[in-house]
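All remarks here apply to the structure that follows.
Coordinate-derived values only; no laboratory data. Computed from a predicted structure; not experimentally measured. A quick note on method: Cβ atoms are made from the backbone with ideal geometry, for glycine too, and the neighbour counts reach across all protein chains shown.
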Amino acid sequence: MPGRSAGQPGAIYRPSGQCQYRTCEYPHTARAALAAELAGTSLNQWAEKVLDEASR
């Protein structure tokens with residue numbers, strides 16, 4: 001329903017498409033960046049694919 005906030009019962013949550021994730025700078029970020037490079041994608045595209053597969 002329009003006008004309802006996400007905290008209200010019955011509210012529909014519509015994600016913005018933005019997801020902030022913090023991790024240790026090294027080694028996790030370096031591993032993810034390497035995995036994305038080896039997959040031939042950007043880090044963002046790689047993370048989106050990994051999160052999608054993990055959530056199924």
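Grab the beta carbon distance between Glu37 and Ile12, set R0 = 35 Å, and tell me the FRET efficiency rounded to 0.05. Can you show the working numbers first?
Working: r = 38 Å, r/R0 = 1.08.
Calculated value: 0.40.
What ranking, highest mean first, results for peptides 22-32, 38-48 when packing means the other Cβ atoms within 10 Å averaged over each residue? Display every interim value, and only then the final one.
Values: 22-32: 10.1, 38-48: 12.8.
Put in order of decreasing packing, that is 38-48, 22-32.
Once the cut-off is 16 Å, how many percent of the Cα-Cα pairs in the chain end up in the long-distance tail? Could the numbers behind the result be given before it?
Working: 896 of 1540 pairs.
Summing the P(r) tail past 16 Å for the chain gives 58 percent.
So how much slack lies between Cys24 and Glu48, counting 0.36 nm per residue of separation and subtracting their Cα-Cα distance, in nm?
So the chain would gain 6.7 nm between Cys24 and Glu48.
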